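Asks: Structure provided below as structure tokens; questions to follow.
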Amino acid sequence: MTTTQTQPQVQQWTNLAQQLRVDSIRCTTAAGSGHPTSSMSAADLMSVLMISYLRYDFENPKHPNNDHLIFSKGHACPLLYSMYKAAGAIDDAELMTLRKFGSRLEGHPTPVLPWVDVATGSLGQGLPIGAGVAMAGKYLDKLPYRVWVVLGDSEMAEGSIWEACDKAGFYKLGNLIGILDCNRLGQRGQTELGWNTAAYAARARAFGWRAFEIDGHNYDEINQAYSEALKEHDSPALIIAKTKKGKGVSFLEDKEGWHGKPVPKDKEDQALQELHKPARSMNFPVQKPEDLQPASLPPAKAVELPRYELKSSEATRKAYGDALKALGEANARVVAMDGEVSNSTFAQEFAKAFPERFFEQYIAEQQLVATAIGMQVRHYIPFASTFAAFFARAYDFIRMGAISRANIRLCGSHAGVSIGEDGPSQMALEDLAMMRAVYGSTVLYPSDANQAAQLVEEMAKHDGIVYMRTTREKTSVIYGPDEKFMVGGSKVVKQSPQDKATVVAAGITLHETLQAYEQLKGENILIRVIDAYSVKPIDEETLLAAAVEAGNKVITVEDHWPEGGLGDAVTEAFTQRDGPMPQIVKLAVQNMPGSGTPAELLEEAGISAHHIVLAVKALV
């Protein structure tokens, strides 16, 4: 039943909405850039939300029961920042620094601001991450906070949106509310569906959502939709609001050609006059959440890592799963998710032990990474795994995760030609390059099971994007279970004063290098062998010392394309210091592989023990 609001309530919503429109124009005009019209269309929606439904303590943004407000349409941040001003979180002077150098109010929201959970702006990411936050709220925190996600209609063409709709429906996230600002106009004209709100509603309902079609400028309809969306339910809600871009200003409203353009200074007064110039600095109190705390967790304890016998054989992917389970036993904040390959990544070991902390994302790698980012918003320690090749599908989420200052751990298994018969579609040969390129990332590539287990524990301690590459094949255990491995370190596996060259390897190629070492030793050629298990940061000190002590000749060997991987990491280490560059030979996969046994493919790629021997002889 629809309820008509009292006149004072409607007037309060109107006053705030108009202030939000005015401020969105003022700050973008002052900046000379930005998206005022995309902000103005959603002002009524945000006014009702902020005054009547949002539960948030702006003085305590880390309160565990705060609602979460995510602007998936991050370009509408002038509206978000204007809301912060209206809530008293920032002042007008700071609002007017929008997009200025050194300002916290960047062109799209980032967690430089304490009220922003994650960076948005690459469209299609807010709803997937919001689903991750909502999973944490329902299944881990067990708190009644709601996750509100403001969506643009253009981004509804993104596949990641529908991955999120699918998983939110599957996990019955009744605490997730999407607010679709359906203003019809995208960057270059009409969006795919225009104002066909029924089509959006049908799609949402197909994924198990409740859908509400409303006039996004009618306060009674907005209020009623929010009220219905918040009723006890196991289904997420999507409010599809028909709005007009540039609402309230005659020369902007529903007009093409204004996307991403500020109102010129010579038209600013006209625009503000049409909005009746309401008081620009009124504060509107936001209701605070109930003072509830998340479900209590046992205190963390020491990790008892799995131990593998020297000279036995085990795959590093299995060690990942075993160590992840051990982490889960020690720390209840550790959570895991996988892309329907947990019996191959061995995340299944964690899933069996802690099903309540394991979140299957099926074949939806964008949502896989987004869920991890959402979980870390709530201070959990997420580990997400799939085949290394498939993280390429989620790379935009990974790079945006770095902008979000997100702390997530990713494990990619089945990397390189050494996976064998599955062929090149499954062979990650670019993952080291793409992960190294992420700001502040850590990239690890263990070669044996004990090393992998130690590094999984290290992953949990490190901030930022942390990536581990694991190997499909079983490899010999060459390190004892008590040997220690630190991020940024390496191991000199073989050395002598008579070394003629240094071979730097990691993962599967370390074992090929050790075979080559034995053959060369039989021919009285000694080489230094370095296990560069920490590809980023790489152990520059050990590399520099090896070059000086072993003839200034270096060979790198990697199961990866030559661009951007281990070889480039080693080369860059030598460019960071004065002195002559060593001779560097890079052995890497040069041609498109096919199917075959691991041994055949390593040989064909030129990274087998045989080719390492030839490279050393040619160099020395």
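Asks: Exactly one of these conditions fails for Thr28: (1) out of contact with any strand residue (DSSP E or B) (no Cβ under 9 Å at 6 or more places or on another chain); (2) outside any helix (DSSP H, G or I). Give me its number.
Replies: The failed condition is (2).
Asks: Would you pick out the residues in the stretch 515-533 that are surrounded by fewer than 24 Cβ atoms within 10 Å (Cβ to Cβ) and touching a residue at least 40 places away in the same chain (Cβ under 8 Å)?
Replies: Gln515, Gln519, Leu520, Ile525
Asks: Return yes when Gly257 is surrounded by fewer than 21 Cβ atoms within 10 Å (Cβ to Cβ) and either without any contact (Cβ under 8 Å) to a residue 40 or more places away in the chain or over 30 Å from Val334 (Cβ atoms) (or both) and no when it is not.
Replies: Yes: the conditions hold for Gly257.
Asks: State whether the residues of the stretch 8-18 include one that is modelled with pLDDT under 95, over 28 Å from Phe101 (Cα atoms) and outside any helix (DSSP H, G or I).
Replies: The answer is no, given that none of the residues of the stretch 8-18 is modelled with pLDDT under 95, over 28 Å from Phe101 (Cα atoms) and outside any helix (DSSP H, G or I).
Asks: Follow-up question, since we're still on this one. For the subset of the stretch 66-94 comprising residues that are touching a Ser or Thr at 6+ places or on another chain (Cβ under 7 Å) and part of a helix (DSSP H, G or I), which member is farthest from Ser24 (Cα to Cα)?
Replies: Result: Gly74.
Asks: Going by what's in this entry, would Thr386 be described as assigned to a helix (DSSP H, G or I) and of a type in the set (S, T, N, Q)?
Replies: no
Asks: Does Val487 fit the bill of being buried (at least 24 other Cβ atoms within 10 Å of the Cβ), in contact (Cβ under 8 Å) with a residue 40 or more places away in the chain and either touching a helix residue (DSSP H, G or I) at 6+ places or on another chain (Cβ under 9 Å) or over 22 Å from His414 (Cβ atoms) (or both)?
Replies: no
Asks: Output the residues belonging to the stretch 31-51 that are of a type in the set (Gly, Ala, Ser) and surrounded by fewer than 24 Cβ atoms within 10 Å (Cβ to Cβ).
Replies: Matches in the stretch 31-51: Ala31, Gly32, Ser33.
Asks: Under the condition of being within 18 Å of Glu549 (Cβ to Cβ) and among the hydrophobic types (A, V, I, L, M, F, W, C), which residue from the stretch 566-584 is modelled with the lowest pLDDT?
Replies: Met581
Asks: Let me ask something else. Does Ala389 qualify as being within 15 Å of Tyr467 (Cβ to Cβ), of a type in the set (Gly, Ala, Ser) and either assigned by TED's automatic domain parsing to the domain that holds Thr442 or free of Cβ contacts under 8 Å to residues at least 40 places away in the same chain (or both)?
Replies: Judged against the criteria, Ala389 is a match.
Asks: OK, next. Which one of these is assigned to a loop (DSSP other than H, G, I, E, B), more than 27 Å from the chain's Cα centre (by Cα) and farther than 30 Å from Phe359 by Cβ: Lys247, Lys231?
Replies: The unique qualifying residue is Lys247.
Asks: From the list Asp57, Asp67, which residue is touching a residue at least 24 places away in the same chain (Cβ under 8 Å), within 25 Å of Val112 (Cα to Cα), surrounded by fewer than 22 Cβ atoms within 10 Å (Cβ to Cβ) and charged (D, E, K, R)?
Replies: Matching residue, one of Asp57, Asp67: Asp57.
Asks: Run Phe350 past the list (1) in contact with a Ser or Thr (Cβ under 9 Å, 6 or more places away or on another chain); (2) more than 30 Å from Val133 (Cβ to Cβ); (3) not assigned by TED's automatic domain parsing to the domain that holds Asn60 and report the number of the one that doesn't hold.
Replies: The single condition Phe350 does not satisfy is (2).
Asks: Could you check, for the stretch 186-194, whether at least one of its residues is hydrophobic (A, V, I, L, M, F, W, C), at pLDDT 95 or above and closer than 19 Å to Ser154 by Cβ?
Replies: Yes; the residues of the stretch 186-194 include at least one that is hydrophobic (A, V, I, L, M, F, W, C), at pLDDT 95 or above and closer than 19 Å to Ser154 by Cβ.
Asks: For Ala389, all conditions in the list (1) surrounded by fewer than 19 Cβ atoms within 10 Å (Cβ to Cβ); (2) of a type in the set (Gly, Ala, Ser); (3) over 14 Å from the mean Cα position of the chain (by Cα) hold save one; what is the number of the exception?
Replies: With respect to (1) surrounded by fewer than 19 Cβ atoms within 10 Å (Cβ to Cβ); (2) of a type in the set (Gly, Ala, Ser); (3) over 14 Å from the mean Cα position of the chain (by Cα), Ala389 is out only on (1).
Asks: Would you pick out the residues in the stretch 271-308 that are over 31 Å from the mean Cα position of the chain (by Cα) and farther than 23 Å from Ala86 by Cα?
Replies: Once the filter is applied, which keeps residues that are over 31 Å from the mean Cα position of the chain (by Cα) and farther than 23 Å from Ala86 by Cα, the stretch 271-308 yields Arg307, Tyr308.
Asks: On the given criteria, is Ser39 closer than 21 Å to His259 by Cβ, part of a helix (DSSP H, G or I) and either of a type in the set (Asp, Glu) or over 26 Å from the mean Cα position of the chain (by Cα) (or both)?
Replies: Spelling it out, it is not the case that Ser39 is closer than 21 Å to His259 by Cβ, part of a helix (DSSP H, G or I) and either of a type in the set (Asp, Glu) or over 26 Å from the mean Cα position of the chain (by Cα) (or both).
Asks: Something else: Looking only at the stretch 459-471, filter to residues that are of a type in the set (D, E, K, R) and surrounded by fewer than 24 Cβ atoms within 10 Å (Cβ to Cβ); which one of those is farthest from Ala315 (Cα to Cα)?
Replies: That would be Asp463.
Asks: Considering only residues of the stretch 294-328 that are among the hydroxyl-bearing types (Ser, Thr, Tyr) and surrounded by fewer than 21 Cβ atoms within 10 Å (Cβ to Cβ), which is farthest from Cys411 (Cα to Cα)?
Replies: Across the stretch 294-328, the extreme among qualifying residues is Ser296.
Asks: Test each condition in (1) surrounded by 22 or more Cβ atoms within 10 Å (Cβ to Cβ); (2) of a type outside the set (A, V, I, L, M, F, W, C); (3) on the phi > 0 side of the Ramachandran plot for Gln367 and report the one that comes out false.
Replies: It fails just one condition, (3).
Asks: In this structure, does Thr345 turn out to be closer than 30 Å to Gly159 by Cα and either hydroxyl-bearing (Ser, Thr, Tyr) or modelled with pLDDT under 95 (or both)?
Replies: It is true that Thr345 is closer than 30 Å to Gly159 by Cα and either hydroxyl-bearing (Ser, Thr, Tyr) or modelled with pLDDT under 95 (or both).
Asks: Collect the residues in the stretch 518-544 that are part of a loop (DSSP other than H, G, I, E, B) and over 19 Å from Tyr445 (Cβ atoms), keeping them in residue-number order.
Replies: Passing the criteria: Glu523, Asn524, Ile525, Leu526.
Asks: Scan the stretch 123-182 for residues that are over 14 Å from Ala204 (Cα atoms), out of contact with any Asp or Glu (no Cβ under 6 Å at 6 or more places or on another chain) and basic (Lys, Arg) and report the count.
Replies: 2
Asks: Still on this structure: Please list, ordered by first then second residue, the pairs with beta carbon atoms under 6 Å, 6 or more apart or interchain, first in the stretch 398-411 and touching a residue at least 12 places away in the same chain (Cβ under 8 Å) and surrounded by fewer than 24 Cβ atoms within 10 Å (Cβ to Cβ), second polar (S, T, N, Q) and part of a helix (DSSP H, G or I).
Replies: Asn407/Gln376
Asks: Just checking, which of Ala319, Ala302, Ala295 is touching a residue at least 12 places away in the same chain (Cβ under 8 Å), over 30 Å from Asn66 (Cβ atoms) and outside the structural domain of Ile419 (by TED's automatic domain parsing)?
Replies: Ala302
Asks: State yes or no: is Thr97 among the polar types (S, T, N, Q), buried (at least 20 other Cβ atoms within 10 Å of the Cβ) and either modelled with pLDDT under 95 or in a loop (DSSP other than H, G, I, E, B) (or both)?
Replies: When the stated conditions are applied, Thr97 does not pass them.
The values are calculated or read from the model by the stated rules, or taken from the named source; none is laboratory data. For clarity, every value in this text was computed on a predicted model and none was experimentally measured. FYI the Cβ positions are ideal-geometry reconstructions off the backbone, even for glycines, and counts take in every protein chain you see.
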